[in-house]
Amino acid sequence: MMSKVATLCYLLAAAYATKFVSSFTIPTLQSKTTATTSGNNQGQNYNLALDLLHPLRHSLYQPNVSARSNTFLQSQTTQADVTNTGTTTTPDIIGTVALLVPSSDQPSKFGSKSPVQPPSYREAAEQLARKIKQFSDGRIAAQVVTPSDVDTSSVLTSNALIALGLTTPQDVQFLSRTFRQRRTAGEEEASSTQSLKMCQFAVDCGDNNYAPIVGPYDEANPSVVSEIAPWSDVASGKRLATQMKELFDKQTSDEFALALMLFCNRFIDKIPWVQHSIDVTWEKGLGNVEEIYNMVTKCGPCITKCLADENCKACIEALDEIDTRDQVASYRTVVSYESELLRDFSLCILQKNNIFGCTAEVPKIPYVKPLGAFRGEEMTKDIAKGIMIGHLEGCGDAALEGCKELDVSWKVACGANVAYDQFPSQNQLFYPSAKGDSMWYDPVFRVETIDGRNVWCKRHYRVRNEKVPGTFRFSVLDNGVTSDEFWTIVDVAEDLSWIVFHYAGAAGAVGQRYIGGLLCTPDGTLPPESEMEKIWDVLRSAEIEPWELFVVDNDDTSPGALEAGPPPLDFYRKTASVIG
């Protein structure tokens, strides 16, 4: 098989042989018939390039990934569902998931890095059901069920059945019988498309993995087709089974929901959350060739420079080993190797030319209500701006009473997004723009790179007011890719001792969407215990459970912080306050 790096090198060699890297007027694959007789040389180069690309059809590469009730949770109405006519719309349900939990409550393995005790399997499953709804835009309905429920029919009728923590003899007997019945039903419908829409896994159910099923792939009855025909549905199911197991085993709500979105997207219907991929995969077929051809013809020089640089090439090789739809793995990889060459590489391929045809919109579920009043006054845009500025020094009248005049606005004490909120030493700087009513937001955070180094990363966001005070639109160019985010002030202490944010974002050029929440304080430590119950309720109002949070290490004396050195807090502010 041929890796993405090897494929790029192969294509570059072909490109230089035909001299088409420097010619950006060559027709794309869709428009090859439009070449005129005046472009005979280009046409000859084009045909030669296609001849060189032809063998790739047999080496297309799929990465090896190391990688509140007993009723269906139907889609809730959000602001986005309300049309100008005042009517509401409910998305069509395209798939169903049953989450089978123990008959009696038992502590789960979720929330191992949170500031609270782990939830029971039932509590975890109820939140997982909500997260499935969020990730699917309300198109996947999820149900929590136990073996002792009166009605357990959904375990047989749901597209996906995920068993969680079943270990007692009675529960295990129910699980074994249910899996056996589903497997038999799947075998009887093997010739129908319905069999492709079935999935079952057992997570934390003892030593037996109960032979998962993903689409047409059944681990208990493996088909030789999955080995000799990697482009087939059954081979795709086998690869996905490995990936889903690894995601389930991480015991986070984000990665759990991601696994199910990948299954639904592959075997039921397109799910915008994971619909797009910038990887070379068997599932894309010859679409890989078109994408790589366009990469070389439109961004050849950038690719050449990146592959000639050890750091940039190492990043591409590391990304080669993962599914880039896995935001945890992909973002940590990118920040481990970020450089100007990598930025230019991504900017050309992803942002400027959108080689992979990706799109992504900011998620609208859940709708989070912004704080309506502060210190007895109705929320205004000026008050909201002052809350964001928090404790940052040097902001004059824009800061509110109680500002501590620190070198940061806030520090993240804990966050709810597994990809972005686990980084240590998270500093936030919000400050007014020198021109207009907008603001700047500079997050400065420490990264423990995949090769063991501790480095500082920084970003520079433009912040604009949204219509409702307390809501904002953020935008940033992050390693060559533009991200668009919607932030909400959910609540804040009147003495500015803590604040809760919710955010939803999208990076359209890579097809990624994300949601999360932050609990921030002036020094990055958790608020007093007396405040925590109120804060947990605030987070729950944003559909975030406390066990989903990741406590941030803000210890400035830790070995990692000392290795990284002082954070570059004023890197952007010293110029932005003058020019923008």
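The values are calculated or read from the model by the stated rules, or taken from the named source; none is laboratory data. Treat the numbers as computed from the prediction; the structure is a model and nothing was measured. Neighbour counts are summed over all protein chains in view; Cβ atoms, including those assigned to glycine, are modelled from backbone coordinates with ideal geometry. Only protein heavy atoms, including side chains, enter the accessible area calculation; ligands, DNA and RNA are left aside. Shrake-Rupley method; radii C 1.70, N 1.55, O 1.52, S 1.80 Å.
May I ask you to say which residue of Leu406, Leu429 is surrounded by 20 or more Cβ atoms within 10 Å (Cβ to Cβ), modelled with pLDDT of 95 or more, over 30 Å from Leu128 (Cβ atoms) and not polar (S, T, N, Q)?
Every option except Leu429 fails the conditions.
Listed here are the residues, each with its yes/no results for (1) open to solvent by less than 10 Å² (accessible area, probe 1.4 Å); (2) within 15 Å of Ser236 (Cα to Cα); (3) modelled with pLDDT of 95 or more.
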site: Leu262; (1), (2), (3): yes, yes, yes
site: Ile271; (1), (2), (3): yes, no, yes
site: Lys284; (1), (2), (3): no, yes, no
site: Val289; (1), (2), (3): no, no, no
site: Lys298; (1), (2), (3): no, no, yes
site: Cys302; (1), (2), (3): no, no, no
site: Leu307; (1), (2), (3): no, no, no
site: Asn311; (1), (2), (3): no, no, no
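Of all residues in segment 320-352, which are in a loop (DSSP other than H, G, I, E, B), of a type outside the set (Asp, Glu) and either in contact with a Ser or Thr (Cβ under 9 Å, 6 or more places away or on another chain) or at pLDDT 95 or above (or both)?
Ile322, Thr324, Arg325
If you go through segment 353-365 one residue at a time, do you hit one that is at pLDDT 90 or above and part of a strand (DSSP E or B)?
Within segment 353-365, none of the residues are at pLDDT 90 or above and part of a strand (DSSP E or B).
Does Asp421 count as open to solvent by less than 20 Å² (accessible area, probe 1.4 Å), touching a helix residue (DSSP H, G or I) at 6+ places or on another chain (Cβ under 9 Å) and either polar (S, T, N, Q) or under 17 Å from Trp487 (Cα atoms) (or both)?
Spelling it out, it is not the case that Asp421 is open to solvent by less than 20 Å² (accessible area, probe 1.4 Å), touching a helix residue (DSSP H, G or I) at 6+ places or on another chain (Cβ under 9 Å) and either polar (S, T, N, Q) or under 17 Å from Trp487 (Cα atoms) (or both).
Applying the selection to segment 252-293, what residues are among the polar types (S, T, N, Q) and out of contact with any helix residue (DSSP H, G or I) (no Cβ under 9 Å at 6 or more places or on another chain)?
Asn265
Identify all residues within segment 244-254 that are open to solvent by less than 10 Å² (accessible area, probe 1.4 Å) and closer than 22 Å to Gly215 by Cβ; write none if there are none.
Scanning segment 244-254 gives Met244, Leu247, Phe248.
With Ile499, Ile489 as the choices, which residue is closer than 22 Å to Gln422 by Cβ and of a type outside the set (S, T, N, Q)?
On inspection, the qualifying residue turns out to be Ile499.
Kindly evaluate Glu545 against the criterion of being under 17 Å from Asp254 (Cβ atoms) and open to solvent by 10 Å² or more (accessible area, probe 1.4 Å).
Yes; evaluated as a whole, the condition is true for this residue.
Within segment 561-568, is even one residue over 30 Å from Arg343 (Cα atoms) and among the acidic types (Asp, Glu)?
no
Any residue at all in segment 306-316 that is over 13 Å from Gly480 (Cβ atoms), part of a loop (DSSP other than H, G, I, E, B) and touching a strand residue (DSSP E or B) at 6+ places or on another chain (Cβ under 7 Å)?
There is no residue in segment 306-316 that is over 13 Å from Gly480 (Cβ atoms), part of a loop (DSSP other than H, G, I, E, B) and touching a strand residue (DSSP E or B) at 6+ places or on another chain (Cβ under 7 Å).
Please list, ordered by first then second residue, the pairs with beta carbon atoms under 7 Å, 6 or more apart or interchain, first in segment 436-461 and more than 18 Å from Ala576 (Cβ to Cβ), second of a type in the set (Ser, Thr, Tyr) and surrounded by fewer than 20 Cβ atoms within 10 Å (Cβ to Cβ).
Val455/Thr449
Could you tell me whether any residue of segment 265-274 is within 30 Å of Ser114 (Cβ to Cβ) and in a helix (DSSP H, G or I)?
yes
Out of the residues in segment 483-523 meeting the condition of being assigned to a loop (DSSP other than H, G, I, E, B) and acidic (Asp, Glu), tell me which one is surrounded by the most Cβ atoms within 10 Å (Cβ to Cβ).
It comes out as Asp523.
For segment 519-527, check the following and say yes or no: at least one residue is touching a Cys at 6+ places or on another chain (Cβ under 7 Å) and either among the small types (Gly, Ala, Ser) or within 30 Å of Cys306 (Cα to Cα) (or both).
Checked against the condition, which is being touching a Cys at 6+ places or on another chain (Cβ under 7 Å) and either among the small types (Gly, Ala, Ser) or within 30 Å of Cys306 (Cα to Cα) (or both), segment 519-527 yields no hits at all.
Give the residue, chosen from Leu156, Leu99, that is buried (at least 24 other Cβ atoms within 10 Å of the Cβ) and not in a loop (DSSP other than H, G, I, E, B).
Just one listed residue meets the conditions, Leu99.
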